[in-house]
1. Rolling a 1.4 angstrom probe over the protein heavy atoms, how many square angstrom per residue are accessible across the chain?
2. Quick one: putting +1 on the C-beta of Lys and Arg, -1 on the C-beta of Asp and Glu, what dipole do you get for the chain around its Cα centre, in Debye to the nearest 20?
3. With the dipole of the chain worked out from charges on the C-beta (+1 for Lys and Arg, -1 for Asp and Glu) around the Cα centre, which of A122, Y109, Q41 lies farthest toward the positive end?
4. Can you give the FRET efficiency for W50 and L7, using 1/(1 + (r/R0)^6), R0 = 22 Å, r = Cβ-Cβ distance, to the nearest 0.05?
5. Out of Q41, Q60, Q83, any idea which swings most in a Gaussian network model of the chain, alpha carbons joined below 10 Å?
6. Under a 10 Å cutoff between Cα atoms, tell me which one of S37, S99, S62 has the largest fluctuation in the Gaussian network model of the chain.
7. For the range 13-121, which whole percent of the accessible surface, found with a 1.4 angstrom probe, sits on carbon and sulfur atoms?
8. Work out the FRET efficiency for S27 and T111 from their Cβ-Cβ distance, taking R0 = 25 Å, and round it to the nearest 0.05.
Amino acid sequence: MDDGDDLENPQRFCVLAFRRGFSWAWSDRCCIDKDISAELQEAIGFMFSWYHSSSLALVQLSDVPDTGSLADSAWFERGWTLQESLAPRAILFYAQDWSLYKNNESVNYRTDDASLKEIEKATGIAS
């Protein structure tokens, strides 16, 4: 394991979760083999269950700079993003430098009008 970014992102994630009052955090950093249909379906079902049971989802958009747009992120092109964005009670986006996306201090982007408009633009799904 590389001592650089491989550890930096989980550490930043844990610090952010702790600062928001959480003692426990779960980081989804694994890859799913999309070529095996049964594995993909099972993984999506498990992911929905995990996210649905979570109090907050923190999403780092590693390809979006602080001044970027949600619509430019590859995160919205993945097949299981819909489950990740619908299942949790609350969701917050972070830019590639782990700053809160657009410095939005909302406690939940799913209830923030400006964020919902950006999510709608990124997904093509009306909010």
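1. Ligands and nucleic acids excluded, the figure is 64 Å² per residue.
2. Approximately 620 debye in magnitude.
3. Looking along the dipole axis, the top candidate is Y109.
4. According to the calculation, E is roughly 0.50.
5. Q41
6. S37
7. Numbers: 3620 of 6710 Å².
Result for the range 13-121: 54 percent of the exposed heavy-atom area is carbon or sulfur.
8. Working: r = 24 Å, r/R0 = 0.96.
Computed FRET efficiency for S27 and T111: 0.55.
The values are calculated or read from the model by the stated rules, or taken from the named source; none is laboratory data. Keep in mind that this is a model prediction, so the values were computed, not measured. With ideal geometry, Cβ positions are generated from the backbone for all residues, glycine too; neighbour counts draw on all protein chains shown. Only protein heavy atoms, including side chains, enter the accessible area calculation; ligands, DNA and RNA are left aside. Shrake-Rupley method; radii C 1.70, N 1.55, O 1.52, S 1.80 Å.
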